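These notes are about the structure you will find just below.
Where a number appears in this text, it was derived from the coordinates with a stated rule and is not lab data. Not measured: the values here are computed from a predicted model. Cβ placement follows ideal geometry from the backbone for every residue including glycine, while neighbour counts extend to all protein chains displayed.
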Amino acid sequence: MVALTAVEEKWTTRTADGVSSRRDTAEVQLTEGLTLTVSSVQPDKALSVKLAAKNWVVKHSVHEASHRQDTRFKARKLVKDCLVTVSQHIPDQKWFLLPTPAVKVVKKFREGADVLKAKYNFERQQGKLTQTLYTGFDRQYKASLHLDSVKGSSIAARAKVKTRAVYSVAAATSKQGSVLSCKSRPFDRCKTLTQLHLPQQLLTLTATYIPKVGETQNRTKLTLHAGFLLRDEKIKPTVSVGCKWLF
């Protein structure tokens, strides 16, 4: 049975120049486990159509302003105790690039615990390897090492504090610079993420809130994202506001 499952609108404004954009998205469940998502962006005149099932995704995007069309495929399969994902990107309808897939293998050593991820992108000739370790009750502490053949290596650590003001804190560093993060849950059904990107002195804030409306199963998800450049007060923030209705 065909049913509308979600509608989302997102507005982004760069206050420095007053440029605004709007993204409209509609999600329709065609059959059990098969979902169609249509999204458009204005004034960029961009349209994307995505068809997704449990183990595969096909997405086609059209950018009228730049006369560009992109196609993406993704499929995943559990092979023994490893999750294998194969994806293919066809930029600007350059089908002669086939086959240049990206292959990712995820291995869990313990249920809900240590994870090893390996990925190689044949199109970009780029390899990645990530080792993540967890310890403590409910994954209280997390550490990860990420190796990238193009971007170099990075390390990250995260600790759960589980208070309303500070739910968790994290730090990551690479040759591109360091990032400090803090997640909060100030009140019920509200989550915030604050990040400080040290090299750019960029402070970002992301907040989500799902208000409770009676006993209905329909839900509304509100999102807010703002970015501030601390090193230059003359540059005004970029602000995005979104609203998603789940049916």
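Worth pointing out:
- Prolate/oblate/rounded call for region 8-125, Cα gyration tensor, a/c under 1.5 rounded: prolate
- Of all aspartates and glutamates in the structure, the ones whose alpha carbon falls short of 15 Å from that of Lys10, not counting any fewer than 8 places away in one chain, are Asp24, Glu27, Asp44.
- Long pairs among Lys59/Lys244; Lys50/Lys119; Lys160/Lys191; Lys108/Lys128; Lys108/Lys142; Lys59/Lys142, criterion Cα-Cα beyond 26 Å: Lys59/Lys142
- Considering only Ala102, Val38, Val115, and ranking their Cα positions along the charge dipole of the chain that arises from unit charges at the beta-carbon of Lys, Arg, Asp and Glu, the one farthest toward the positive end is Val115.
- Estimated translational diffusion coefficient (Stokes-Einstein, Kirkwood radius over Cα pairs, 25 °C, 0.890 mPa s) of region 153-224: 178 µm² per second.
- Mean projected area of the Cα convex hull of the chain, taken over all directions, amounts to 16.7 nm².
- Prolate/oblate/rounded label for region 1-66 (Cα gyration tensor, a/c 1.5): prolate
- In loop segments of region 160-242 as defined by DSSP, the chymotrypsin sites (Phe, Trp or Tyr not before Pro) with at most 14 further C-beta atoms inside 10 Å of their C-beta are Phe187.
- Region 1-66, relative contact order in percent, only Cα pairs under 8 angstrom and at least six apart counted: 23 percent
- Over region 122-247: Rg over Rh, Cα atoms, Kirkwood Rh: 1.04
- Ranked list, fewest to most other Cβ atoms within 10 Å of each Cβ, for Asp114, Asp148, Asp138: Asp138, Asp114, Asp148
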